[in-house]
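Quick notes on the structure that follows.
The values are calculated or read from the model by the stated rules, or taken from the named source; none is laboratory data. For clarity, every value in this text was computed on a predicted model and none was experimentally measured. As a convention, Cβ positions derive from the backbone with ideal geometry for all residues, glycine included, and neighbour counts pool all protein chains shown.
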Amino acid sequence: MPYPNRRSVLSCVAAGAAAGVAAGAAAGTTLVLLPRQAQAQAQAQTMRPGLVYAAGQKFDKSFNEGAFTGAERFKAASGIPFVEYLPSNPALFDQGVASLLRRGVTDLIAIGFYYATPLARLAPAHPEVRFTLIDAVAEAPDIRCVTFKEQEGAFLVGVLAALASKTGTVGFVGALDIPLIRKFIAGFEQGARHARGDIRVVVNFVGTTPAAFNDPTAGSEVARSQFQRGADVVFAGAGVSNFGIFAAASEHRRLAIGVDSNQNYLYPGTILTSMLKRVDLAVDSTFQAALQGRWCPTTVALGLAEGAVDYAVDENNRELLTPAMLEAVESARLAIVAGRIPVSDGS
């Protein structure tokens, strides 16, 4: 049967419970609610998770790899295997979904903002499937959307970038100019200016199509142009193109900031930090919700308060972060979570 129209997770769950109680009363029977563990065991008999990655590389040390990590974590905890599809370009989305549905997928997660339109068109034809879109919003009765408050995580790395800069100029290199990337830019600029009111922020993009997420050569060229303009810390928000940005930063002895996953280890001593975007958490929690009967067609926005965005500190970058920098960024974190620092998403 089709799922209800979009609403909050709590109201969906509450409505389902109320409907069950009412049906039992109307039939004059005693309603027995299964414990969550028994419910999960029953669901596990028929659940078949599926994952459609963003176009590009599966092990990209970033967005797709985070999704894979989350699916693997769910598999390890539940014992339920998942099936996957990696398109070479976004236009193959329909083909990939059809392939997974032929294999009996009941819970399908699509990773990537450019799947919003095709998923909204396709999902209503399969009301028996629980679809989840990560990183964008698509309207249909059987789609759950998980978005992130990227601006909050970007604010934190903006603080660190400004405090680490010796030239007073920092940069952002995005894949392409879209609302999603603008959220990173907005937060980064606000964080940098929160830390240093006189900081200069330069912004450039790798390309104009989704292919810009997979062009390290162009990424390197854009980063070099920012270094020539005085930037000595560059936030790389360009998927696989980040590899070129990091290489250029290392060559020119500048600092870079990674994104999505912890990329500090790729160039120890060059990557100041990485803005974490917990795609793994979104994937794992979505499959867990389906397993436990808590999945609901809704839109969820995850930020600092949920532990879904953050910055990374480890042995590869710890020496680059002074106690004063860490004190400043942690103070900003607390203020954002408490609502004392509102962070605009640039819209």
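Side notes on the structure shown:
- Of the residues making up segment 286-317, just one is small (Gly, Ala, Ser) and in contact with a Pro (Cβ under 9 Å, 6 or more places away or on another chain), namely ALA290.
- Looking across PRO118, PRO81, PRO124, one residue alone is under 24 Å from ARG278 (Cβ atoms) and assigned by TED's automatic domain parsing to the domain that holds CYS296. It is PRO81.
- Test: residue in segment 161-182 that is assigned to a loop (DSSP other than H, G, I, E, B) and β-branched (Val, Ile, Thr): yes
- TYR267 free of Cβ contacts under 8 Å to residues at least 24 places away in the same chain, of a type in the set (Ser, Thr, Tyr) and at negative phi: yes
- Segment 188-226, subset among the small types (Gly, Ala, Ser) and out of contact with any strand residue (DSSP E or B) (no Cβ under 8 Å at 6 or more places or on another chain), residue farthest from GLY239 (Cα to Cα): GLY197
- Unmet criterion (only one of (1) among the small types (Gly, Ala, Ser); (2) in contact with a Leu (Cβ under 8 Å, 6 or more places away or on another chain); (3) touching a residue at least 24 places away in the same chain (Cβ under 8 Å)) for ALA116: (3)
- Put simply, of ALA27, ALA77 the only residue that is at pLDDT 50 or above, farther than 30 Å from TYR267 by Cα and hydrophobic (A, V, I, L, M, F, W, C) is ALA77.
- Pairing each residue of segment 210-238 that is under 29 Å from ASN89 (Cα atoms) and among the basic types (Lys, Arg) with any residue that is assigned to a helix (DSSP H, G or I) and at pLDDT 95 or above, provided the two are 6+ apart or on different chains, yields C-beta distances under 9 Å for ARG224/ALA248; ARG224/GLU251.
- Note on segment 217-242: among residues that are touching a Ser or Thr at 6+ places or on another chain (Cβ under 8 Å) and β-branched (Val, Ile, Thr), the one that is surrounded by the most Cβ atoms within 10 Å (Cβ to Cβ) is VAL233.
- Residues that are more than 15 Å from ILE134 (Cα to Cα) and surrounded by fewer than 22 Cβ atoms within 10 Å (Cβ to Cβ) within segment 61-81 comprise LYS61, GLU72, ARG73, LYS75, ALA76, ALA77, SER78, GLY79, ILE80, PRO81, listed in sequence order.
- Within segment 70-123, being of a type in the set (D, E, K, R), farther than 21 Å from ALA289 by Cα and outside any helix (DSSP H, G or I) holds for one residue alone: ARG103.
- Answer from ILE336, ILE341 - the residue that is surrounded by 15 or more Cβ atoms within 10 Å (Cβ to Cβ), within 29 Å of LYS166 (Cα to Cα), in contact with an Asp or Glu (Cβ under 9 Å, 6 or more places away or on another chain) and of a type in the set (A, V, I, L, M): ILE336
- Residue that is surrounded by the most Cβ atoms within 10 Å (Cβ to Cβ), among those in segment 262-299 that are under 22 Å from PRO141 (Cβ atoms) and among the hydroxyl-bearing types (Ser, Thr, Tyr): THR286
- ALA186 passes every criterion in (1) farther than 28 Å from ALA116 by Cα; (2) surrounded by 19 or more Cβ atoms within 10 Å (Cβ to Cβ) apart from (1).
- GLY191 fulfils the conditions (1) surrounded by fewer than 24 Cβ atoms within 10 Å (Cβ to Cβ); (2) over 16 Å from PHE246 (Cα atoms); (3) touching a Phe, Trp or Tyr at 6+ places or on another chain (Cβ under 6 Å) except for a single criterion, (1).
- Any hit, segment 124-142, residues being assigned to a helix (DSSP H, G or I), over 19 Å from LEU176 (Cα atoms) and touching a helix residue (DSSP H, G or I) at 6+ places or on another chain (Cβ under 8 Å): no
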